[in-house]
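Peer 1: Next up is a structure, given as structure tokens.
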Amino acid sequence: MRVVIAPNSFKHCLPAREVGEAMARGVRAACPAALTDIIPLSDGGDGLVAAMSARLPGKLIATETRDPLGRPIQAVWFKTPDYALIEMALASGLARLQGPEEYAPLNASTYGTGLLIRAAMDHGCRRIIIGLGGSATVDAGCGMASALGFRLLDRQGQPIPEGGDGLAGLDHVAIDGADSRLKAITAIALTDVNNPLLGEFGAARVFAPQKGASPADVETLERNLSRWATVVERDLALSVAALPGAGAAGGLGAGCIAFLGATLVPGAQWVAEQTGLVDAIRKADLVLTGEGRIDRQTAFGKVPAYVARIAKSLNKPAIAMGGTVADDADLTSLGITRCVAITPPGVSLAEAIKKVETNLEKSATELMMSFRR
């Protein structure tokens, strides 16, 4: 039996490569002769650089940058012979904060992501891939733009404060100081969602509460993002608010289009293409995938959904494993044969995280025993 194991990371818990290795141990415990092909994946969010650097040739480069609250940190990006791969979450993500008490979507900035892009250009990279997802920010990429020389100014011609709250004072965007090298790069932004910038399904209303926004904060951010979109449309002659994926990473999707001229691409699709996933599934008898939590959002651009669609198109069974599986997670129409929750009932989150590898291995063993029958 040939089994393709193509999971996402279990966010804030276990990288995709290690998730796959634990699944593979469980598969071989039940089927010692099974051939396992581990293909770590990402939807563009947390774990993108780790997944790609585990599969492809290249070099990890550590760079001095800033976290979402402006503190100095080091973050890595991946330089391949063809492009620079930047994971915004490694500079501007929730994982860079010390827990929910530091979540501050009104103040958090993507400035650190801009510094990583600048570092990639310093290394001579002219094709830059930016993974969006896992962000702590709702600033429409204005911090990133500032790090790259754009000036976001108020009515008095002064720079607006960083963060989503500062967008309220935005009067115009000045491009005269923008890094001239940006004209020579090709940028692709990998999205893990297809939400627009504004409205009921936009960056503020859907995702800001996950980053610590109160109901009042959400309305402030919605107003400010609308202000940003109006100014960008006037000053840069770009209408980006309604584009699918513009709301990714707190509006960084829209910011990448506006400030980098980026093309938005579904992250799971791009990663799958780079790693040869389709050919691997074509040769497989069974496909295993997974992520930390499987729920209704899984269907919208997440790794298990993309893997399942490929498997379905090739008439291969696909099973998804998650730390938890929500009651509303019916993914059969996508091609998921079964969803398996690896965490036993009644187990605390802390205990589940501690035993995630053991639970993955055990669940994969039980799954293969039942699959063989």
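The values are calculated or read from the model by the stated rules, or taken from the named source; none is laboratory data. This structure is a prediction, so every number in the text was calculated from the model and none was measured. Cβ sites come from the backbone with ideal geometry, for glycine too, and all protein chains shown count toward neighbours.
Peer 1: Restricting to region 153-209, and then to whatever is without any contact (Cβ under 8 Å) to a residue 24 or more places away in the chain and within 22 Å of the chain's Cα centre (by Cα), can you tell me which residue is farthest from Ile117 (Cα to Cα)?
Peer 2: Only one residue fits best here, namely Glu200.
Peer 1: Another question, if that's okay. Taking only region 70-98 into account, find how many residues are in contact (Cβ under 8 Å) with a residue 40 or more places away in the chain and part of a strand (DSSP E or B).
Peer 2: Filtering region 70-98 for residues in contact (Cβ under 8 Å) with a residue 40 or more places away in the chain gives 70, 75, 77, 79, 82-90, 92-96.
Narrowing further to those that are part of a strand (DSSP E or B): 75, 77, 79, 84-87, 93.
Residues that pass the stated criteria total 8.
Peer 1: Is one or more of the residues making up region 22-30 within 19 Å of Gly276 (Cα to Cα), out of contact with any strand residue (DSSP E or B) (no Cβ under 7 Å at 6 or more places or on another chain) and in contact (Cβ under 8 Å) with a residue 60 or more places away in the chain?
Peer 2: Within region 22-30, the first condition is being within 19 Å of Gly276 (Cα to Cα), and the residues that meet it are 24.
If we keep only those that are out of contact with any strand residue (DSSP E or B) (no Cβ under 7 Å at 6 or more places or on another chain) as well, we get none.
For region 22-30, residues within 19 Å of Gly276 (Cα to Cα), out of contact with any strand residue (DSSP E or B) (no Cβ under 7 Å at 6 or more places or on another chain) and in contact (Cβ under 8 Å) with a residue 60 or more places away in the chain: absent.
Peer 1: So which residues in region 1-15 are modelled with pLDDT of 90 or more and of a type in the set (A, V, I, L, M)?
Peer 2: Answer for region 1-15, where residues must be modelled with pLDDT of 90 or more and of a type in the set (A, V, I, L, M): Met1, Val3, Val4, Ile5, Ala6.
Peer 1: Do we have Val265 as under 14 Å from Asp192 (Cα atoms) and surrounded by 23 or more Cβ atoms within 10 Å (Cβ to Cβ) here?
Peer 2: The answer is no for Val265.
Peer 1: Sticking with this structure for a sec: What about Ala119, is it assigned to a strand (DSSP E or B), in contact with an Asp or Glu (Cβ under 9 Å, 6 or more places away or on another chain), modelled with pLDDT of 95 or more and assigned by TED's automatic domain parsing to the domain that holds Val240? Explain how you work it out, then say what you get.
Peer 2: On the way: assigned to a strand (DSSP E or B): no; in contact with an Asp or Glu (Cβ under 9 Å, 6 or more places away or on another chain): yes; modelled with pLDDT of 95 or more: yes; assigned by TED's automatic domain parsing to the domain that holds Val240: yes.
The answer is no for Ala119.
Peer 1: Just to be sure, is Ala104 surrounded by fewer than 24 Cβ atoms within 10 Å (Cβ to Cβ), in contact with a Gly (Cβ under 9 Å, 6 or more places away or on another chain) and outside the structural domain of Met321 (by TED's automatic domain parsing)?
Peer 2: yes
Peer 1: Check Gly255, Gly245, Gly251 and return the single one that is under 30 Å from Tyr111 (Cα atoms), surrounded by 22 or more Cβ atoms within 10 Å (Cβ to Cβ) and touching a strand residue (DSSP E or B) at 6+ places or on another chain (Cβ under 6 Å). Spell out the reasoning first.
Peer 2: On the way: Gly255 fails: touching a strand residue (DSSP E or B) at 6+ places or on another chain (Cβ under 6 Å); Gly251 fails: touching a strand residue (DSSP E or B) at 6+ places or on another chain (Cβ under 6 Å).
Step by step, each of Gly255, Gly245, Gly251 is checked, and only Gly245 is under 30 Å from Tyr111 (Cα atoms), surrounded by 22 or more Cβ atoms within 10 Å (Cβ to Cβ) and touching a strand residue (DSSP E or B) at 6+ places or on another chain (Cβ under 6 Å).
Peer 1: Using the structure shown, decide if Ser53 is polar (S, T, N, Q) and closer than 27 Å to Pro7 by Cα. Give the derivation first.
Peer 2: Details: polar (S, T, N, Q): yes; closer than 27 Å to Pro7 by Cα: yes.
So Ser53 fits the description; yes.
Peer 1: Let me ask you something else. Tell me, yes or no, whether region 246-267 has at least one residue that is free of Cβ contacts under 8 Å to residues at least 60 places away in the same chain and in the same structural domain as Asp176 (by TED's automatic domain parsing). Steps first, please.
Peer 2: Residues of region 246-267 that are free of Cβ contacts under 8 Å to residues at least 60 places away in the same chain, as a first pass: 246-247.
Right, trim to in the same structural domain as Asp176 (by TED's automatic domain parsing) and you get 246-247.
Within region 246-267 (the criterion being free of Cβ contacts under 8 Å to residues at least 60 places away in the same chain and in the same structural domain as Asp176 (by TED's automatic domain parsing)), the answer is yes, since at least one residue qualifies.
Peer 1: Looking at region 272-283 only, could you name the residues that are hydrophobic (A, V, I, L, M, F, W, C) and modelled with pLDDT under 90? Walk me through how you get there before you give the answer.
Peer 2: Filtering region 272-283 down to residues hydrophobic (A, V, I, L, M, F, W, C) leaves 272, 277-278, 280-281.
Matches in region 272-283: Ala272 only.
Peer 1: Could you figure out which of (1) surrounded by fewer than 19 Cβ atoms within 10 Å (Cβ to Cβ); (2) in contact with an Asp or Glu (Cβ under 8 Å, 6 or more places away or on another chain) isn't true of Met23?
Peer 2: (1)
Peer 1: Residues of region 39-69 being touching a residue at least 60 places away in the same chain (Cβ under 8 Å), in a strand (DSSP E or B) and either among the small types (Gly, Ala, Ser) or crowded, with 19+ Cβ neighbours inside 10 Å (or both), which ones?
Peer 2: Answer for region 39-69, where residues must be touching a residue at least 60 places away in the same chain (Cβ under 8 Å), in a strand (DSSP E or B) and either among the small types (Gly, Ala, Ser) or crowded, with 19+ Cβ neighbours inside 10 Å (or both): there is none.
Peer 1: List the helices (runs of 4 or more DSSP H) inside region 206-322, counting only whole elements, that have at least 3 residues being in contact with a Gly (Cβ under 7 Å, 6 or more places away or on another chain) and among the hydrophobic types (A, V, I, L, M, F, W, C). Spell out how you get there, then give the answer.
Peer 2: On the way: elements: 215-236, 248-260, 267-275, 277-282, 303-313.
Here the list reads 248-260.
Peer 1: Is there a residue in region 173-196 that is surrounded by fewer than 17 Cβ atoms within 10 Å (Cβ to Cβ), in contact with an Asp or Glu (Cβ under 6 Å, 6 or more places away or on another chain) and assigned to a strand (DSSP E or B)?
Peer 2: no
Peer 1: Could you go through region 184-203 and let me know if any residue there is small (Gly, Ala, Ser), touching a Ser or Thr at 6+ places or on another chain (Cβ under 6 Å) and at negative phi.
Peer 2: Applying the first criterion (small (Gly, Ala, Ser)) to region 184-203 yields 184, 187, 189, 199, 202-203.
Those still in the list that are touching a Ser or Thr at 6+ places or on another chain (Cβ under 6 Å) too: none.
Checked against the condition, which is being small (Gly, Ala, Ser), touching a Ser or Thr at 6+ places or on another chain (Cβ under 6 Å) and at negative phi, region 184-203 yields no hits at all.
Peer 1: Now for a separate question. What's the total number of residues in region 344-373 that are crowded, with 20+ Cβ neighbours inside 10 Å and more than 15 Å from Ala30 (Cβ to Cβ)?
Peer 2: Count: 2.
Peer 1: In region 16-29, is there at least one residue being in the same structural domain as Gly250 (by TED's automatic domain parsing) and more than 14 Å from Ser135 (Cβ to Cβ)? Walk me through it before giving the result.
Peer 2: Step one: of region 16-29, the residues in the same structural domain as Gly250 (by TED's automatic domain parsing) are none.
The answer is no; no qualifying residue exists.
Peer 1: Could you pull out the residue among Gly124, Gly133, Gly149 that is in a loop (DSSP other than H, G, I, E, B), modelled with pLDDT under 95, assigned by TED's automatic domain parsing to the domain that holds Gly251 and of a type outside the set (Val, Ile, Thr)?
Peer 2: Values: Gly124 fails: modelled with pLDDT under 95; Gly149 fails: modelled with pLDDT under 95.
None of the other options fit; the residue is Gly133.
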